[in-house]
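Engineer: First the structure, then my questions, so here it is.
The values are calculated or read from the model by the stated rules, or taken from the named source; none is laboratory data. Given the structure is predicted, the values throughout are model-derived calculations rather than measurements. Don't worry about glycine lacking a Cβ; one is built from the backbone with ideal geometry, like all the others, and counts go over all protein chains shown. SASA here: full protein model, heavy atoms, side chains in, ligands and nucleic acids out. Shrake-Rupley method; radii C 1.70, N 1.55, O 1.52, S 1.80 Å.
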Amino acid sequence: MARSGNQVATGYCTRSADADIIGTLMQVSFRVNGRKVEVEAPPMKRMLDVLREDLGLTGSKEGCGEGECGACSILLNGEVVDSCLIPACQCDGVDVITVEGLAQDGQLSLIQQTFWEEGAAQCGICTPGMLIAARSLLDLNPQPSREEIRTAIAGNLCRCTGYTKIIKAVELAAAMAKPHRAGS
Amino acid sequence: MISQIRVHSPRTLPNALEVLQERSGRARILAGGTDLMVYLNTRVYVPTEVINIWGLDELRHVRDEDDVLILGALVTYSQIIRSPVVARFCPILAEASKTIGAVQVQNRGTLGGNVANGSPAGDALPVLSAFDAEVELASTRGTRRVAFNQFYTGYRQSVMEADELLTAIRVPKQRPDERAAFYKVGTRRAQAISKVVMGVKVSLVEPATIETIQISLGSVAPTVIRASETEALLQGKALSPEVVDMARSRIMDEIQPISDIRSTEHYRRVVSGNLLERFLSSL
Ligand SMILES: Cc1cc2nc3c(=O)[nH]c(=O)nc-3n(C[C@H](O)[C@H](O)[C@H](O)COP(=O)(O)OP(=O)(O)OC[C@H]3O[C@@H](n4cnc5c(N)ncnc54)[C@H](O)[C@@H]3O)c2cc1C
Ligand code: FES
Ligand code: FES
């Protein structure tokens, strides 16, 4: 892709419901969970669909498609965003982390472990987004207050748990990550 | 419905202005996409051509220049929330930004997008209005500045021409003798569209006398509005319970809100009066 000047791409606006994608595709290359990938996609295709359909990363979920529920949350250049609101044309050269990227070498990450231990997932639809939002919070603020945790997951809706166990799981992850003081 | 969309992704501002001029009236600008992608996903509005300005890093600055803060159009709410100069010179802009969507939206949504989108419920708008901000518009014809309070001409209508790009917002700094507040009333703390939103700024002279006051309201009219009759009433007045009461009734009479799915006309009047009372009583 040209690095200078105007870049033009044509394609069909799409969401998963639109099975036929024809028209000019654009090349988008970026990193997902540490791996370099290149996809050909219509420029306004949502990253949620690029991840799920083109890359087979179906961890990120679609709840609303309107930025309200957070089930599609991913980390984009380290910041949590709703992937249903991000078009492919804005993703050349970015760094993406999805829920699939949290575990390392078959080992659950700390936040996944504490979600598991606290029973913070029931049906599991909100969980990938919750984990990403929680991870983003702990990256920026390793020892958040309960209020800060609530704010950090305010864009992630859960119909099952009533949030209490999710908040506890985040608190536990923060507590476990805390450097131990001498004698404790 | 499937529609073909042509996307331009200019790399520099001059390049963007050329494309905008060439595609004038046909192409829709895409910034953070938190409004536009929702329109697209829900098929409320599907453009045939898009100019993606997200790559224009020259529109991401927060600059402190003499007595104004200059915020590039692509400055996000998260940037505003973290900015030390905003915290110092226009803290209520950061407060307003914290109420917009949740962190996912704050990381992507831009101040320029809030202004250009022009929803009467845009939460940053009463702040810009109360601070008498200016909007910077650029095109291949040149750059001009428009007073924010003269920017909108009607519901989602503005003086911005089809070939113009909103490049920056200029916000006069709050002075040490000034006090300001932001209030938003919605259904829940996160992700809620405002029923009433208020930005207000006052300068006081001793003892407790209002020198000037700027009161701005969102969600109560087709555009963000200034309560100029109430402002005139308060100007030069010493604060007292009677004055606060008069101001409260005046603002309730002055505004002409409507009833809609979010709230009723009566509720909006009462809340506007209560918010002003709360502010004046806090001085
Ligand atoms: C879940 C959710 C919750 C939200 N909550 C709130 C809320 O509480 N309060 C609130 O005020 N808003 C809210 N919003 C709306 C939105 O986040 C803001 O209006 C945001 O500031 C829009 O900026 P953007 O960069 O995303 O705009 P985009 O979606 O990219 O663009 C919006 C419009 O402005 C035009 N435009 C954008 N930038 C420019 C420019 N520089 N020059 C000319 N035209 C331009 C576009 O063509 C488009 O018509 C919410 C959105 C979502 C999805
Ligand atoms: S699917 Fe993206 S926020 Fe709901
Ligand atoms: S576990 Fe079911 S929505 Fe959260």
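Engineer: I'm trying to understand the selection: among the residues of the stretch A:115-130, which are away from ligand 2 (no atom under 15 Å from the Cβ) and not in a loop (DSSP other than H, G, I, E, B)?
Structural biologist: A:PHE115, A:TRP116, A:GLU117, A:GLU118, listed by residue number.
Engineer: Pairs under 6 Å by beta carbon, first residue more than 16 Å from B:ASN41 (Cα to Cα) in the stretch A:82-99, partner within 16 Å of ligand 3 (Cβ to nearest atom) and not aliphatic (A, V, I, L, M), six or more apart or different chains?
Structural biologist: Listed pairs, sorted by first residue: A:THR98/A:GLY59; A:THR98/A:SER60; A:VAL99/A:GLY59; A:VAL99/A:PRO128.
Engineer: Taking A:PRO144 as the residue in question, decide whether it is open to solvent by less than 60 Å² (accessible area, probe 1.4 Å), assigned to a loop (DSSP other than H, G, I, E, B) and within 14 Å of chain B (Cβ to nearest Cβ).
Structural biologist: Yes: the conditions hold for A:PRO144.
Engineer: So for the stretch B:117-127 (the condition being open to solvent by 10 Å² or more (accessible area, probe 1.4 Å), part of a helix (DSSP H, G or I) and within 14 Å of chain A (Cβ to nearest Cβ)), does at least one residue qualify?
Structural biologist: Yes.
Engineer: Could I ask something else about it? Keeping to the stretch B:156-184, report how many residues are β-branched (Val, Ile, Thr) and either part of a loop (DSSP other than H, G, I, E, B) or open to solvent by 50 Å² or more (accessible area, probe 1.4 Å) (or both).
Structural biologist: So in the stretch B:156-184, the residues β-branched (Val, Ile, Thr) come out as B:159, B:167, B:169, B:171.
Narrowing further to those that are either part of a loop (DSSP other than H, G, I, E, B) or open to solvent by 50 Å² or more (accessible area, probe 1.4 Å) (or both): B:159.
Residues meeting the conditions: 1.
Engineer: A further question follows. Taking the stretch B:1-39, which residues are part of a helix (DSSP H, G or I), under 14 Å from B:ASN117 (Cα atoms) and at the interface with another protein chain (Cβ under 7 Å from one of its Cβ atoms)?
Structural biologist: Looking only at the stretch B:1-39, we keep the residues that are part of a helix (DSSP H, G or I), and these are B:13-22, B:36-39.
Checking which are under 14 Å from B:ASN117 (Cα atoms) leaves us with B:36-39.
Scanning the stretch B:1-39 gives B:MET37, B:VAL38.
Engineer: Counting just the residues of the stretch B:1-54 that are in contact (Cβ under 8 Å) with a residue 60 or more places away in the chain and among the small types (Gly, Ala, Ser), which one comes out surrounded by the fewest Cβ atoms within 10 Å (Cβ to Cβ)?
Structural biologist: B:GLY25
Engineer: If you don't mind, there's one more thing I want to ask. Count, please, the residues in the stretch B:132-151 that happen to be open to solvent by 60 Å² or more (accessible area, probe 1.4 Å) and in a strand (DSSP E or B).
Structural biologist: Of all residues in the stretch B:132-151, those open to solvent by 60 Å² or more (accessible area, probe 1.4 Å) come to B:132, B:134, B:140-141, B:143-145, B:149-150.
Now narrow it down to the ones that are in a strand (DSSP E or B): B:134, B:143-145.
Total meeting the criteria: 4.
Engineer: Can you tell me how many residues within the stretch B:75-116 are in contact (Cβ under 8 Å) with a residue 60 or more places away in the chain, within 14 Å of another protein chain (Cβ to nearest Cβ) and under 12 Å from the mean Cα position of the chain (by Cα)?
Structural biologist: Going through the stretch B:75-116 one residue at a time, the tally reaches 2.
Engineer: Evaluate the following for A:ALA169: is it open to solvent by less than 40 Å² (accessible area, probe 1.4 Å) and more than 14 Å from chain B (Cβ to nearest Cβ)? Steps first, please.
Structural biologist: Working: open to solvent by less than 40 Å² (accessible area, probe 1.4 Å): yes; more than 14 Å from chain B (Cβ to nearest Cβ): yes.
In short, yes.
Engineer: When you check B:GLN256 against the structure, is it open to solvent by 60 Å² or more (accessible area, probe 1.4 Å) and within 20 Å of the chain's Cα centre (by Cα), yes or no? Walk me through how you get there before you give the answer.
Structural biologist: Values: open to solvent by 60 Å² or more (accessible area, probe 1.4 Å): yes; within 20 Å of the chain's Cα centre (by Cα): yes.
For B:GLN256, the condition - open to solvent by 60 Å² or more (accessible area, probe 1.4 Å) and within 20 Å of the chain's Cα centre (by Cα) - is met.
Engineer: List pairs: first in the stretch A:38-64 and among the basic types (Lys, Arg), second in a strand (DSSP E or B) and within 16 Å of ligand 1 (Cβ to nearest atom), Cβ under 9 Å, 6+ apart or cross-chain?
Structural biologist: Once the first residue is among the basic types (Lys, Arg) and sits in the stretch A:38-64, its partners that are in a strand (DSSP E or B) and within 16 Å of ligand 1 (Cβ to nearest atom) give A:LYS45/A:PRO87; A:ARG46/A:PRO87.
Engineer: Return a yes/no flag: does the stretch A:84-99 have any residue that is more than 13 Å from ligand 3 (Cβ to nearest atom) and under 15 Å from B:ALA102 (Cβ atoms). Quick ask: steps written out before the conclusion?
Structural biologist: Just the residues of the stretch A:84-99 that are more than 13 Å from ligand 3 (Cβ to nearest atom), to begin with: A:84-99.
Add one more test, that the residue is under 15 Å from B:ALA102 (Cβ atoms), and what stays is A:84-85.
Yes: the stretch A:84-99 contains one or more residues that are more than 13 Å from ligand 3 (Cβ to nearest atom) and under 15 Å from B:ALA102 (Cβ atoms).
Engineer: Hey, can you tell me all the residues within the stretch B:62-78 that are in a loop (DSSP other than H, G, I, E, B) and open to solvent by 50 Å² or more (accessible area, probe 1.4 Å)?
Structural biologist: B:ASP66, B:ASP67
Engineer: Are any residues in the stretch B:40-61 within 11 Å of another protein chain (Cβ to nearest Cβ) and either in contact with an Asp or Glu (Cβ under 8 Å, 6 or more places away or on another chain) or not in a loop (DSSP other than H, G, I, E, B) (or both), and if so, which ones?
Structural biologist: Matches in the stretch B:40-61: B:LEU40, B:ASN41, B:THR42, B:GLU49, B:VAL50, B:ILE51, B:ASN52.
Engineer: Restricting the stretch A:46-70 to residues that are within 11 Å of another protein chain (Cβ to nearest Cβ) and open to solvent by less than 10 Å² (accessible area, probe 1.4 Å), which is farthest from ligand 1 (Cβ to nearest atom)?
Structural biologist: Start the filter on the stretch A:46-70 by keeping residues that are within 11 Å of another protein chain (Cβ to nearest Cβ), which leaves A:46-49, A:62, A:64-70.
Subset that is open to solvent by less than 10 Å² (accessible area, probe 1.4 Å): A:46-49, A:65, A:67, A:70.
Values: A:ARG46: 13, A:MET47: 15, A:LEU48: 14, A:ASP49: 17, A:GLY65: 10, A:GLY67: 3, A:GLY70: 9 Å.
In this case the residue turns out to be A:ASP49.
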